[in-house]
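Trainee: Here you go, one structure.
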Amino acid sequence: MMIVILSFIVSFLGSTVLKRWGIADVPTERSSHTKPTSRMGGVAILLGLGVFCFYTFSYPSYYYLMGCLGFGLLGFYDDYRPLSPFIRLG
């Protein structure tokens, strides 16, 4: 149970740090949010997942982490160079 709490704290703090570094999506008239939100929140979530997989040390969790890392890299790339919906859906 302690590892789940530690993973949550790493994800939460990572998101907060990214926002403080100015990596945030500022709302415009077309945005669905009203406050600045973290732009790369997935990076913080991947860090939390990495902490969880490191401490559980089982091969199925590493396969899960590798799959999530692939999706995370795709989302990270999409934040800087927008991809077509067809590529993201694939």
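The values are calculated or read from the model by the stated rules, or taken from the named source; none is laboratory data. Because the structure is predicted, anything quoted here is derived from the model rather than measured. Using ideal geometry, Cβ is built from the backbone for each residue, glycine included, and neighbour counts are taken over all protein chains shown. The protein model used for the area step is the full one, side chains on, heavy atoms only, and it has no ligands, DNA or RNA in it. Shrake-Rupley method; radii C 1.70, N 1.55, O 1.52, S 1.80 Å.
Trainee: Dipole of the chain, Cα-centred, from +1 at each Lys and Arg C-beta and -1 at each Asp and Glu C-beta, to the nearest 20 debye?
Mentor: Here the chain has a charge dipole of around 140 debye.
Trainee: Given R₀ = 30 Å, FRET efficiency for Val26-Ile87 by Cβ-Cβ distance, to 0.05?
Mentor: Taking R0 as 30 Å, the efficiency between Val26 and Ile87 is 0.75.
Trainee: Right, here's the next one. Of the listed peptides 42-49, 77-84, what is their order by residue-averaged count of other C-beta atoms within 10 Å, with the highest listed first?
Mentor: 42-49, 77-84
Trainee: Could you check how much of the accessible area of the chain is carbon and sulfur, as a whole percent, using a 1.4 Å probe?
Mentor: That share works out to 71 percent.
Trainee: Could you do me a favour and compute the accessible area per residue for the chain, 1.4 Å probe, result in Å²?
Mentor: Ligands and nucleic acids excluded, the figure is 80 Å² per residue.
Trainee: May I pose another question? If you take log10 I(q)/I(0) by the Debye sum over Cα atoms at q = 0.17, 0.21 Å⁻¹ from the coordinates, which of [x] -0.66, -0.97; [y] -0.91, -1.19; [z] -0.83, -1.08 do you get?
Mentor: This structure yields the entry labelled [z].
Trainee: Using +1 at the Cβ of each Lys and Arg and -1 at the Cβ of each Asp and Glu in the chain, identify which of Gly70, Val51, Gly41 lies farthest towards the dipole's positive end.
Mentor: With unit charges placed on the Cβ atoms, the residue in question is Gly41.
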